[in-house]
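Below: the structure, in structure tokens.
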């Protein structure tokens, strides 16, 4: 069994948006079983399962969690979580608090579920590792950096997490969508054919849209539009000899007027106005 437990002194709760009180990891922790009465822990409690499996309970409901899943308790919650006897979990965890995090997580609905499935858990794990390394090396020498790393963890969790309502039947479909994202990004300036991309994923257009939204958090067309606008912004800044019409064409828009409309909706300004921000006067 390996345990690593790092603690920090409590700061004024309004000093940072979010800040860890303690963090660590448990490996090969057979028999891990935690029970806390309501009101005992006044910080958020986030755990990421990195291997094995275990269970978390809340309001009489038990949630089974395996590698890539997480659970989150709110401050003051009654808590009960424990490793599976046959396949005990490895976990990385953080207790945290802050000035605005309670209202933000509540508004986003994270109080409605205890268990969460992450679309890309390795990203969250890497960020937790960075936080653990910072605390382990420097303790409280750089509190603003600790807060920044904690914010990154929360932002990644919010972006990736989906509530676990039942055993997942779409994990493989989501994985296929995630593998397609770099290809779709690279081809964003080309005409977008929904049926063609659905065929690449081995499904139909309706299932493709459903699983793509679960994987990327937006529709396929929204993702393509985001990639096109990103490319257009880069061209507007880096290639100032190109006309706006040429930028539109190279970004995947046949009609400049439609490009202008999409750009305005995304950036709250016209392509010309955006370029002028980076035009150096001589």
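Quick note: the coordinates plus some simple rules give every number you see, no bench work behind them. Keep in mind the model is a prediction, meaning the values are calculated, not measured. Virtual Cβ from ideal backbone geometry, glycine too; neighbours counted across all protein chains shown.
Data for the structure
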{"read-out": "Folded to 0 to 90 degrees: helix 256-267 orientation relative to the chain principal axis, Cα", "value": "30"}
{"read-out": "Mean projected area (nm²) of the alpha-carbon convex hull when segment 11-85 is viewed from all directions", "value": "5.6"}
{"read-out": "Packing-based ranking, highest mean first, of 8-14, 154-160 given that Cβ atoms within 10 Å are counted", "value": "154-160, 8-14"}
{"read-out": "Using alpha-carbon coordinates, inclination of helix 205-216 to the longest axis of the chain, degrees", "value": "60"}
{"read-out": "Rounded to 10°, Cα long-axis angle of helix 171-186 versus longest principal axis of the chain", "value": "40"}
{"read-out": "Ranked list, fewest to most other Cβ atoms within 10 Å of each Cβ, for 50, 7", "value": "7, 50"}
{"read-out": "Principal axes of the chain: Cα extent on each, largest first, Å", "value": "64, 50, 31"}
{"read-out": "Euclidean distance between Cα centres, segment 217-282 to segment 40-114, Å", "value": "42"}
{"read-out": "Mean projected area (nm²) of the alpha-carbon convex hull when segment 171-282 is viewed from all directions", "value": "7.3"}
{"read-out": "Segment 2-163: C-alpha pair distances exceeding 18 Å, %", "value": "56"}
{"read-out": "Helix-only CD estimate at 222 nm, as mean residue ellipticity for the chain, using -39500 (n - 2.57) per DSSP H run (n ≥ 4)", "value": "-13500 deg cm²/dmol"}
